[in-house]
1. For residues that are surrounded by fewer than 18 Cβ atoms within 10 Å (Cβ to Cβ) and more than 20 Å from residue 254 (Cβ to Cβ), scanning just region 167-191, find the one that is farthest from the ligand (Cβ to nearest atom).
2. Filter region 152-166 down to residues that are within 14 Å of the ligand (Cβ to nearest atom) and touching a strand residue (DSSP E or B) at 6+ places or on another chain (Cβ under 7 Å) and give me whichever is nearest to residue 83 (Cα to Cα).
3. Go through region 1-11 and count every residue that is closer than 15 Å to residue 303 by Cβ and without any contact (Cβ under 8 Å) to a residue 60 or more places away in the chain.
4. Among the residues of region 6-24, how many are surrounded by fewer than 18 Cβ atoms within 10 Å (Cβ to Cβ) and part of a strand (DSSP E or B)?
5. Filter region 157-180 down to the residues that are at pLDDT below 95 and assigned to a loop (DSSP other than H, G, I, E, B) and list them by number.
6. Here are some residues: 286, 248. Which one is surrounded by 20 or more Cβ atoms within 10 Å (Cβ to Cβ) and either more than 17 Å from residue 149 (Cβ to Cβ) or assigned by TED's automatic domain parsing to the domain that holds residue 201 (or both)?
7. Being more than 15 Å from the ligand (Cβ to nearest atom) and in a strand (DSSP E or B) is the filter; apply it to region 139-151 and report the residue that is surrounded by the fewest Cβ atoms within 10 Å (Cβ to Cβ).
8. Quick one: residue 200 ticks every box in (1) within 13 Å of the ligand (Cβ to nearest atom); (2) surrounded by fewer than 24 Cβ atoms within 10 Å (Cβ to Cβ); (3) modelled with pLDDT of 95 or more bar one, so which box is it?
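The values are calculated or read from the model by the stated rules, or taken from the named source; none is laboratory data. Small disclaimer: the values here were computed from a predicted structure and weren't measured. Glycine also receives a Cβ, built like all others from the backbone with ideal geometry; neighbour counts cover every protein chain displayed.
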Ligand SMILES: [Zn+2]
């Protein structure tokens, strides 16, 4: 029997799974992503959960035929490493992935992707609806997209295509993005930035609200929990939805997808409040075909299952490449 390994390296968790030739998961393992001291510590955690997944599947790591990795960025694809990850401590500069995993599994067939590209590969492979032109959009601690055009998953220079969260939506730059630039989509709509945005809106117009806008623990969860019960919370959700729709409209005009799958914690935890308003706004913003917009079919496993799909299809997600 042929075995395939998938790895999902996120800022919070690192997970691995072993699947059979159909992509069915036989064993899995996960751990918290180490906060350092160095990138090698993170590499070791990746190898450790991979060994754990092999144990759970009852195979030796050398029995794996190929592996896929969906990782936080930015990547250096040529070197097979994560380079200065934005959401991990500064002491972690370089996380070697492709080489160490190749050594452990005794195979050269290790495919590295950023996590959103793994997402679109996963949707392409696993979903009933998988046209050649499709997008996977994550709205989570960051905003990003994996894009498939004419059957090719776009990678770009150093693998950084699809950083749509850093498209400028607001020329007035009301919010500053985590990357340091102003007016970026992610600065308004990521899970980390929704509470910051709400606090800024409230500072401009301090209306009555039950939201704890000045509490250091104020989070996106508070905003969505008050939906329908607090006028200011509804206003914030409306504004976030408007920026999300504008971002999706830009994606539509650039790539002409037939379907956009949306994942990430903000969307998965609040599917109606996130997706419905985007669907409502799109006809007013898009001059070409309006794509279907759906919640990811793969839930929290979208990156892990995408990594497995990559291993099965030589890095493409295309079932005809199995
Ligand atoms: Zn940015």
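1. The extreme case among them is 172.
2. Looking at the filtered set, the residue picked out is 163.
3. 0
4. 1
5. Within region 157-180, 160, 161, 162, 163, 177, 178, 179, 180 qualify.
6. Step by step, each of 286, 248 is checked, and only 248 is surrounded by 20 or more Cβ atoms within 10 Å (Cβ to Cβ) and either more than 17 Å from residue 149 (Cβ to Cβ) or assigned by TED's automatic domain parsing to the domain that holds residue 201 (or both).
7. 149
8. Exception for residue 200: condition (1).
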